[in-house]
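The values are calculated or read from the model by the stated rules, or taken from the named source; none is laboratory data. It should be emphasised that the depicted structure is a prediction, and the values quoted were computed from it without experimental measurement. Here the Cβ positions follow ideal geometry from the backbone for every residue, glycine too, while neighbour counts run over all protein chains shown. Surface areas here come from the heavy atoms of the whole protein model, side chains and all, with no ligands, DNA or RNA. Shrake-Rupley method; radii C 1.70, N 1.55, O 1.52, S 1.80 Å.
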Amino acid sequence: MLSLFRGYFVFAWCTLMNKTSANSPVLVVGGRTTGLIMAAELARHDVAVRIIDKSPGIDPHCRATVLHSRSLEILHSLGIVDDIVACAQPLLGVSLYVNGEARGRSDELPVDSPFPLSLGLPQATTETILEKHLNSLGVFVERSTQLTSLEQSADTVHASLLHDDGREEIVETPWVIGCDGAHSTVRHLTEKTFPGEADPYPYLLADVVIDGALEPGDAYFFLHDDGELFLFILNEGRRFVVANVAKETDITKAPTLEQVQELVTHRSGHDFHLSDPRWLAHFHINYRLAPHYRHGRTFLAGDAAHVHSLLGGLGMNTGIQDAHNLAWKLALVMRSDAPAAWLDTYEIERRQVAEDVIATTKLATQNAELFAELSSTDREKLVAHMFVPEGEKMRVRNHEEQIDLDYRSSPICVEPEEGFAHGPHPGARAVDSPILLDGQPCQFYDLLCSPKHCLFLFAPASHAGSSSELTAAAEAVARDHGHWIAVHIVDDWNVETKVSSNVTRIEDPQQTLRQRYGIESTGMYLIRPDGYVAYRSRRLDSLDKYLAHVL
C-alpha cells in the first residue's frame, strides 16, 4: 500500500509540474509587426502568452510601407482587415522613368483574392491596429523590457528580463519566440551567426509629403545616371522616398530635407516639392538568413531570421506569415493534439520562402544599382526587362502578392491519391468562393477564420446520391477531433438531413466551390488554420489514414 501511495504521489507531482510548465506563458520577444501577430495568434488559440519589447512604444519611423494580398487575408482571419483597408491606399500601378523621361507604366493586375491589390500603409499604423487587437484579447506589450539571457533545458527555458526601472526578473517559459528584428537578442543568444552580406551602396530614406504631378495610387521608379530613386505610396498623401547614395556617405548622419529635395529633383527630372518630413535617415541593405529557425525551445521569426532589400515590400509581409505559420502549430503541440515534430515543419515551410525573397530582392536591387554602369544597349535591355510580358504578368503578380506560396514538400501536407484534375493541392493556399450559410450569402474564407483546422466533406454531386456516408464521416470526425477540427458538410440536395450541432452545413448552389476545388462527386478537403491545404481525397472515409500518418 505504501509503495502504491508513493507511486501515486510521484505521478501527481510530475503531472502538476508538467501542467505548471504548460500553463506558463510563451515568451514573445519583440513587439513590432511579427511579434504582435505571433502574440495575437497564440492568444486566439488559447495559449498563454507574454510579449516584451525594449522600446518605449510603437516606432513611428517605419521602413515597411505595403501589405500584400496574402497578408491582408491573414488580417481578415484576425478580424481586423476592415480597419486596415479603411485607412490604406491601394497600389494601382508602377511608372518607370529613365533620366527624367517617362518609359512606361505597368498596371497592378488584381489577383485571385478578396484583397486583389497591395495596400500602402505605414508600418506604425499597421502596428497600432494590431496592438489594439492584441489588447482586446487581454494581452499587453510590456514596453521598455529587454531579454538579457536565456538558458534552456529539455522542457523549459529560463529567461532573464531587465525592466526599465532596473529590476531584473527570471521567468520560466515553455517556449521563447524571437521576433526582435535584425539585431535579435534571441538570435545572438542561440544562433550566434547571421550569414550573408551587405549591399555596397548606402541608402537614404525619407517619409515626406510631395507636391507635384503624382498619381496617388502609383509608385514611381526613376533610373538615372547617378543612381536610382523610388517613390513608394503611403497613406494620407505621403510618400516614402528611397534612393542609393555615394558609397563614401557617412550613414551615421541623417540627410537633411534640402539634400533629399536636391536628389529627388535631380534624379526625377520633375519639379516636385518636398515638405513635412516625418523621418529622414541613412541605412545599409543587408542580405542575411539564419542557418536555423529553431534551437531547442526557441524560434526565430521575421527580421530576426531573415533580412533583405526593401524593394518589393516583402519583409514585413514575410514576417507576418512566419508568425501565422508557427502559432497554430505551437498551440496544437502544447495541447498535445499534435506531435512535437510538427514544430520542425515551421522551418521546412518558411525558410524556403525567405531564400526566395532574399534572392528576388537582391537581383532587383542590384539591377537598379548597376544601371549607371551599363552601356546604352544593356540599359535598354534592362528597361525592357522591367515590363513583364502579358503572358507572364499574372504569374508575376501572384508571386508579388505572395499568394502562390507552396508547402507541398512539407511532411504534414499529404495527397495519397491521384485523380484531382485541378483545385488547390496539399501545400497550396485555399481559394475563396461564394457560398450559402444558413441560407445567407457568405464567403468561403469567412469559415477559415476559425482557429481550428477546417474539414469540408462534399456530398454527392447529384440529387440521386446518398448522403448517409457523408453524415457518418462528419459525425465521426466531430466526435473524435472536434476540439481541433471544425467539420463542414457541403450539400445542396439533402437539405433536410439532420446533423449534430458541431457539424456545419453549407450550400454551394452555383457549384462554384465544387468547381474551384476540383470535386466532381464526393470528396474532402482539410484546410489548416493558416489557410493552406493539409489534405484532400476523393474518399470520405480516408481522413483517419492522414491523421495516423501525421500524428
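Every residue, every condition in (1) of a type in the set (Asp, Glu); (2) part of a loop (DSSP other than H, G, I, E, B), yes or no:
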site	(1), (2)
ASP180	yes, yes
HIS183	no, yes
VAL186	no, no
LEU189	no, no
PHE194	no, yes
ALA198	no, no
LEU204	no, no
VAL209	no, no
GLU215	yes, yes
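The residues in the range 498-531 that are part of a strand (DSSP E or B), aliphatic (A, V, I, L, M) and touching a residue at least 60 places away in the same chain (Cβ under 8 Å) can be counted, and the count is 4.
Check whether at least one residue in the range 472-485 is part of a loop (DSSP other than H, G, I, E, B), in contact (Cβ under 8 Å) with a residue 24 or more places away in the chain and not polar (S, T, N, Q), and report yes or no. Show your work before the answer.
Restricting attention to the range 472-485, the residues satisfying the condition of being part of a loop (DSSP other than H, G, I, E, B) are 482-484.
Next, only the ones that are in contact (Cβ under 8 Å) with a residue 24 or more places away in the chain stay: 483-484.
Subsequent filtering for residues that are not polar (S, T, N, Q) retains 483-484.
Within the range 472-485 (the criterion being part of a loop (DSSP other than H, G, I, E, B), in contact (Cβ under 8 Å) with a residue 24 or more places away in the chain and not polar (S, T, N, Q)), the answer is yes, since at least one residue qualifies.
From the list ARG350, ARG335, ARG395, exactly one residue is within 22 Å of LEU109 (Cβ to Cβ) and either at pLDDT 95 or above or within 26 Å of the chain's Cα centre (by Cα) (or both). Which is it? After ruling out the rest, the residue left standing is ARG395.
Being among the β-branched types (Val, Ile, Thr) and either crowded, with 18+ Cβ neighbours inside 10 Å or touching a Cys at 6+ places or on another chain (Cβ under 7 Å) (or both) is a property that THR318 has.
Condition first: within 24 Å of ASN23 (Cβ to Cβ) and out of contact with any Phe, Trp or Tyr (no Cβ under 6 Å at 6 or more places or on another chain). Can you find one or more residues in the range 300-312 that meet it? Yes, the range 300-312 has at least one match. Under the condition of being among the aliphatic types (A, V, I, L, M) and over 16 Å from GLU349 (Cα atoms), the residues counted in the range 290-311 number 4. Residue count for the range 382-410 under the criterion of being touching a helix residue (DSSP H, G or I) at 6+ places or on another chain (Cβ under 9 Å), open to solvent by 70 Å² or more (accessible area, probe 1.4 Å) and under 30 Å from LYS545 (Cβ atoms): the result is 1. Pairing each residue of the range 128-155 that is over 16 Å from ILE52 (Cα atoms) with any residue that is surrounded by 16 or more Cβ atoms within 10 Å (Cβ to Cβ) and of a type outside the set (A, V, I, L, M, F, W, C), provided the two are 6+ apart or on different chains, yields C-beta distances under 6 Å for ILE129/ASP83; GLN152/ARG297. Filtering the range 367-381 to residues that are open to solvent by 70 Å² or more (accessible area, probe 1.4 Å) and either polar (S, T, N, Q) or in contact with a Ser or Thr (Cβ under 8 Å, 6 or more places away or on another chain) (or both) leaves SER376, THR377.
Among the listed residues SER275, SER160, identify the single one that is assigned to a strand (DSSP E or B), polar (S, T, N, Q), at pLDDT 95 or above and touching a Ser or Thr at 6+ places or on another chain (Cβ under 6 Å). The match here is SER160. Condition first: assigned to a helix (DSSP H, G or I) and either more than 24 Å from TYR445 (Cβ to Cβ) or among the small types (Gly, Ala, Ser) (or both). Now tell me which residues in the range 97-126 satisfy that. Passing the criteria: GLN123, ALA124.
In the set (1) of a type in the set (D, E, K, R); (2) under 15 Å from the mean Cα position of the chain (by Cα); (3) under 25 Å from VAL26 (Cβ atoms), the condition left unmet by ASP344 is number (2).
Looking only at residues in the range 151-175 that are polar (S, T, N, Q), open to solvent by less than 60 Å² (accessible area, probe 1.4 Å) and within 17 Å of LEU330 (Cβ to Cβ), the one that is nearest to the chain's Cα centre (by Cα) is THR173.
The set of residues from the range 39-85 being under 22 Å from HIS163 (Cα atoms), touching a residue at least 40 places away in the same chain (Cβ under 8 Å) and among the aliphatic types (A, V, I, L, M) comprises ALA39, VAL49, ILE51, ILE52, ILE58.
Has the range 506-513 got at least one residue that is in contact with a helix residue (DSSP H, G or I) (Cβ under 7 Å, 6 or more places away or on another chain), open to solvent by less than 10 Å² (accessible area, probe 1.4 Å) and over 29 Å from MET334 (Cβ atoms)? Working first, answer last.
First, pick out the residues of the range 506-513 that are in contact with a helix residue (DSSP H, G or I) (Cβ under 7 Å, 6 or more places away or on another chain): 508, 513.
If we keep only those that are open to solvent by less than 10 Å² (accessible area, probe 1.4 Å) as well, we get 508, 513.
Checking which are over 29 Å from MET334 (Cβ atoms) leaves us with 508, 513.
Among the residues of the range 506-513, at least one is in contact with a helix residue (DSSP H, G or I) (Cβ under 7 Å, 6 or more places away or on another chain), open to solvent by less than 10 Å² (accessible area, probe 1.4 Å) and over 29 Å from MET334 (Cβ atoms), which makes the answer yes.
Would a scan of the range 343-350 turn up a residue that is more than 29 Å from PRO195 (Cβ to Cβ) and either in a loop (DSSP other than H, G, I, E, B) or open to solvent by less than 50 Å² (accessible area, probe 1.4 Å) (or both)?
Going residue by residue through the range 343-350, those that are more than 29 Å from PRO195 (Cβ to Cβ) are none.
No, the range 343-350 has no match at all.
Determine whether the range 467-484 contains at least one residue that is at pLDDT 95 or above, open to solvent by less than 50 Å² (accessible area, probe 1.4 Å) and within 20 Å of ARG429 (Cα to Cα). Within the range 467-484, one or more residues are at pLDDT 95 or above, open to solvent by less than 50 Å² (accessible area, probe 1.4 Å) and within 20 Å of ARG429 (Cα to Cα). Scan the range 6-54 residue by residue and report those that are modelled with pLDDT under 95, of a type outside the set (A, V, I, L, M) and open to solvent by less than 50 Å² (accessible area, probe 1.4 Å). Listed by number, the residues that qualify are GLY7, SER21, SER24. When VAL209 is tested against (1) more than 30 Å from GLY120 (Cβ to Cβ); (2) open to solvent by less than 50 Å² (accessible area, probe 1.4 Å); (3) in contact with a Ser or Thr (Cβ under 6 Å, 6 or more places away or on another chain); (4) not acidic (Asp, Glu), only condition (1) is not met. Looking only at residues of the range 417-445 that are open to solvent by 30 Å² or more (accessible area, probe 1.4 Å) and within 26 Å of VAL353 (Cα to Cα), we find that the one that is modelled with the lowest pLDDT is HIS422.
Take the range 526-545 and flag every residue that is closer than 16 Å to GLU418 by Cβ and crowded, with 16+ Cβ neighbours inside 10 Å. Give the steps one after another, and end with the answer.
Our first condition is that a residue be closer than 16 Å to GLU418 by Cβ; within the range 526-545, this holds for 533, 535-539, 542, 545.
The answer is VAL533, TYR535, ARG536, SER537, ARG538, SER542.
Looking at PRO116, PRO122, which is the one that is surrounded by fewer than 19 Cβ atoms within 10 Å (Cβ to Cβ) and either within 30 Å of HIS224 (Cα to Cα) or not hydroxyl-bearing (Ser, Thr, Tyr) (or both)?
Numbers: PRO122 fails: surrounded by fewer than 19 Cβ atoms within 10 Å (Cβ to Cβ).
Residue meeting the stated conditions: PRO116.
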